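Working notes for the structure below.
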Amino acid sequence: MGERTRQALPSVLSVLLSLVVCWQLIALTRDTDGTAVATAAYLEMLWGGIGDWPRFIEGAAVTVLTRPLGEAAMKAALLTLTGLSVAVAFKVGLFNIGAQGQMLLGALAAAVVGAHVTLPGVLHIPAALLGAAVAGAAWAGIAGALKLYRGVHEVISTIMLNWVAVRLVDNWLVVGPLRGVAEAGASISGTAEIHPTSQLPRLLGDSSRLNLGFILAVVAAVTVWAWLARTRSGFETRAVGLGDEAARAAGIPVARRAGFAMALAGALAGLAGAVLVLGTEGRYPGTLGAPYGFDGIAIALIGNNHPLGVGAAALFFGVLRAGGTRMQLLDVHKSFPELIQGLALLFVAGRLIWLAALRRRSTPTVATAAPPAPAAQVPHA
Amino acid sequence: MLEIIHRLLFATLDAAPALVFAALGAVLSERAGVVAVGVEGMMRVGAFCAAVAALVMPTPLAVGVGMLAGATLAAVHGYLCIRWRSDQVVSGIALNLVALAGGTFLLETHFGPNGTPPIQQLAPWNWPELASVPVLGALSGHAAPTYLALLLPLLLQGMLTRTPLGLRLRAVGDKPHAVATLGLSVPALRWGAVLGGGLLAGLGGAVLSTTVLDRFEQHTPAGLGFMALAAMVFGRWTPLGAFFAAAFFAFGNALRIGLASSAPGLLDVVPQGVLLALPYLLTLLVLTFQGQRNSTPASLGVPYEQESR
């Protein structure tokens, strides 16, 4: 078994096991026809994520494909960005639980720049994205600075910063100073609507919600991969994550690498918020809804903290989660894919169990392959 | 004035127990060196199972079911972290995600979006002779968990600081290899602490759905588990400290709710969102300025391996 397969196999097996367990769960919670309902629900989830191919073949309009695929791609884009955020921090040895808070701040910054700054179209989107990235990086920077200068563990500080962000943004800024006012003077929930110049352009026109954010996420994943795998500072960042004492002895500026990685993590999470606001929501809504920041932890670990693995995991769960809404047809709550994702993370957490099981499985094959050679040598000995 | 203090104290004593139990559970687990990020998830399953159990059995028994549910989730955490040396934060986060989505799924499948049907709440204990005393009278009229939440921190503090078992539990969180050289089992001590922590977190959740509310609601416990973690850190990983921190947070919350109804003008000066963020901000400040007196257990989050020294 190759090293790469050995690295990826626990994640793949965990996702498969989670799919089976969750299928069983639907089957068990039904009084009649459990297995049939479970299978039907899974099929709905699939068609809701990759497009309704059976209906398309029967002659339905092409939108039965583009709409679900667009939803899946946008969910995947958000999961990729927050997943990358957690993975980058992991690479330098920090556990960024704060992607949620950083994303919140990024979303707010994008909404403010989008609504309260007037710029031509070419500049407005980059400005809003930059604002979101800086806001996320600053919020993560607090945790980074506390870690480097005061020795505060980043797990605790990012959890606290998440809740500070939620309370300050959702319970104060968005309902208070930054609350939007609609044309007629009636107040609306969330911040003011962003200018059309700051909306991320739709890639397929009106036939789906797929927008520039997806491209942004793909570019981010490839860039982060290239940085980590192909540049000197990326290599040094990984070296710090593998052992900071050794890295320091080798002359690597440990604090600078850790600080930069944490800021980059925050910027990526902030961009996720920007993609949500500028791409689909059009404003900072009353509350930010789904906790993509926490999902990022699951995506990063299922993707084994590899930028391209993160992209793959995000794509897979983007499809499932876009399909989740269609499971409602069979009275399965739309958050069901989150359960699949959570269980998959739990199984990935037992990585060593998988590796032990795989080793036990592969030992006999080695044993049967090996004996002939020594056996041939016995007469000589 | 006395009346206001009485009402504030009463509200605090009603709301604090869930937070206190969860914080104590987190302290117990973390003092033995196992990270307790999963407290939120344990509270959620505790709250859910207690609310469902109370539909078919007396409420006090249902609270016990909630505790066992919390301990079951803690057992998964223990199996992954102690037996298989998994990353404790990852395992805890995974349990939170599973409890969040799983709770929603089961609730929607069996009861619908409005939560479980209402159940019989735990009965309050009334002491008429105490109730007439000013201020102290706020102690009367709460359900059993309130009094347990006043007693348990003392017991746990005594256990951790004054008994051989407590010494061993603290040692296993600081220097597990030293404990092993005494011929004691590090895994057994950590298992005990993790399961105990699960029971307490489950109790915290069960209290939410049997005294604070009369059902399981979709968002229960809505981040209270993370506030319990803040109370644990704020209280420097000691049971009494965590108790005072949790009580302080609960009192602040009661004060905020009281102000919102009686003096809404004041909340224009200090917005509610800022007050809601205060527990976490204060915890961050405490962490920032604790300096050399760092009270984090030394081996917190480090999986124990007999062979590694």
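The values are calculated or read from the model by the stated rules, or taken from the named source; none is laboratory data. The structure displayed is predicted, hence computed values, not measured ones. All Cβ positions, glycine included, derive from the backbone under ideal geometry; neighbour counts span all protein chains shown. SASA here: full protein model, heavy atoms, side chains in, ligands and nucleic acids out. Shrake-Rupley method; radii C 1.70, N 1.55, O 1.52, S 1.80 Å.
The set of residues in the stretch B:1-55 that are more than 19 Å from B:Asp214 (Cα to Cα), touching a helix residue (DSSP H, G or I) at 6+ places or on another chain (Cβ under 9 Å) and surrounded by fewer than 24 Cβ atoms within 10 Å (Cβ to Cβ) comprises B:Ile4, B:Ile5, B:His6, B:Arg7, B:Leu8, B:Leu9.
Mind checking which residues of the stretch B:107-155 are of a type in the set (A, V, I, L, M, F, W, C), in a loop (DSSP other than H, G, I, E, B) and out of contact with any His (no Cβ under 9 Å at 6 or more places or on another chain)? Hits for the stretch B:107-155 are B:Phe111, B:Ile119, B:Leu122, B:Ala123, B:Trp127, B:Val133.
State whether one or more residues within the stretch A:200-209 are surrounded by fewer than 17 Cβ atoms within 10 Å (Cβ to Cβ), more than 14 Å from chain B (Cβ to nearest Cβ), on the phi > 0 side of the Ramachandran plot and at pLDDT below 95. Checked against the condition, which is being surrounded by fewer than 17 Cβ atoms within 10 Å (Cβ to Cβ), more than 14 Å from chain B (Cβ to nearest Cβ), on the phi > 0 side of the Ramachandran plot and at pLDDT below 95, the stretch A:200-209 yields at least one hit.
A single entry from B:Leu122, B:Leu80 fulfils the requirement of being open to solvent by 20 Å² or more (accessible area, probe 1.4 Å) and either of a type in the set (A, V, I, L, M, F, W, C) or over 30 Å from A:Ile97 (Cα atoms) (or both): B:Leu122. Scanning the stretch B:73-94 for residues that are under 14 Å from A:Leu345 (Cβ atoms) and either facing another protein chain (nearest Cβ under 7 Å) or of a type in the set (Val, Ile, Thr) (or both) yields B:Val76, B:Leu80, B:Ser86, B:Asp87, B:Val89, B:Val90, B:Ser91, B:Ile93, B:Ala94. Quick check on my filter: what residues within the stretch A:280-303 are under 15 Å from A:Asn96 (Cα atoms) and either in a loop (DSSP other than H, G, I, E, B) or touching a His at 6+ places or on another chain (Cβ under 8 Å) (or both)? The answer is A:Pro291, and nothing else. Among the residues making up the stretch A:320-329, those that are more than 13 Å from A:Leu19 (Cβ to Cβ) and either modelled with pLDDT of 95 or more or buried (at least 21 other Cβ atoms within 10 Å of the Cβ) (or both) are A:Arg321, A:Ala322, A:Gly324, A:Met327. If you filter the stretch A:20-33 down to residues that are over 15 Å from B:Gly102 (Cβ atoms) and part of a helix (DSSP H, G or I), you find that the one that is nearest to the chain's Cα centre (by Cα) is A:Val20. Given the structure, is B:Ala178 in a helix (DSSP H, G or I), hydrophobic (A, V, I, L, M, F, W, C) and without any contact (Cβ under 8 Å) to a residue 24 or more places away in the chain? For B:Ala178, the condition - in a helix (DSSP H, G or I), hydrophobic (A, V, I, L, M, F, W, C) and without any contact (Cβ under 8 Å) to a residue 24 or more places away in the chain - is met.
Of all the numbered requirements in (1) open to solvent by less than 70 Å² (accessible area, probe 1.4 Å); (2) within 14 Å of chain B (Cβ to nearest Cβ); (3) among the hydrophobic types (A, V, I, L, M, F, W, C), A:Ala221 misses one, and that requirement is (2). Filter the stretch A:137-165 down to the residues that are open to solvent by less than 30 Å² (accessible area, probe 1.4 Å) and hydrophobic (A, V, I, L, M, F, W, C) and list them by number. Within the stretch A:137-165, A:Ala137, A:Ala140, A:Ala143, A:Leu146, A:Val152, A:Val155, A:Ile156, A:Ile159, A:Met160, A:Leu161, A:Val164, A:Ala165 meet the criteria. With a requirement of 1 or more residues that are within 13 Å of another protein chain (Cβ to nearest Cβ) and within 30 Å of B:Leu154 (Cβ to Cβ), the helices (runs of 4 or more DSSP H) lying completely within the stretch B:239-309 that satisfy it span B:239-262, B:272-289. When B:Thr109 is tested against the conditions (1) at the interface with chain A (Cβ under 9 Å from one of its Cβ atoms); (2) touching a helix residue (DSSP H, G or I) at 6+ places or on another chain (Cβ under 8 Å), the lone failure is (2). Scanning the stretch A:299-319 for residues that are within 14 Å of chain B (Cβ to nearest Cβ) and surrounded by fewer than 24 Cβ atoms within 10 Å (Cβ to Cβ) yields A:Asn304, A:Asn305.
Each residue in the stretch A:330-340 was checked for being facing another protein chain (nearest Cβ under 7 Å), surrounded by 24 or more Cβ atoms within 10 Å (Cβ to Cβ) and either of a type outside the set (A, V, I, L, M) or outside any helix (DSSP H, G or I) (or both), and 2 pass.
When B:Leu154, B:Leu165, B:Leu203, B:Leu195 are screened for being within 20 Å of B:Leu68 (Cβ to Cβ) and surrounded by fewer than 24 Cβ atoms within 10 Å (Cβ to Cβ), only B:Leu195 passes. As a summary of the residue check, A:Ala263 satisfies the conditions (1) more than 15 Å from the chain's Cα centre (by Cα); (2) more than 14 Å from chain B (Cβ to nearest Cβ); (3) buried (at least 24 other Cβ atoms within 10 Å of the Cβ); (4) not β-branched (Val, Ile, Thr) except for the one numbered (3).
For the stretch A:35-64, filtered to residues that are touching a residue at least 40 places away in the same chain (Cβ under 8 Å) and of a type in the set (A, V, I, L, M, F, W, C), the residue that is nearest to A:Asp206 (Cα to Cα) is A:Val62.
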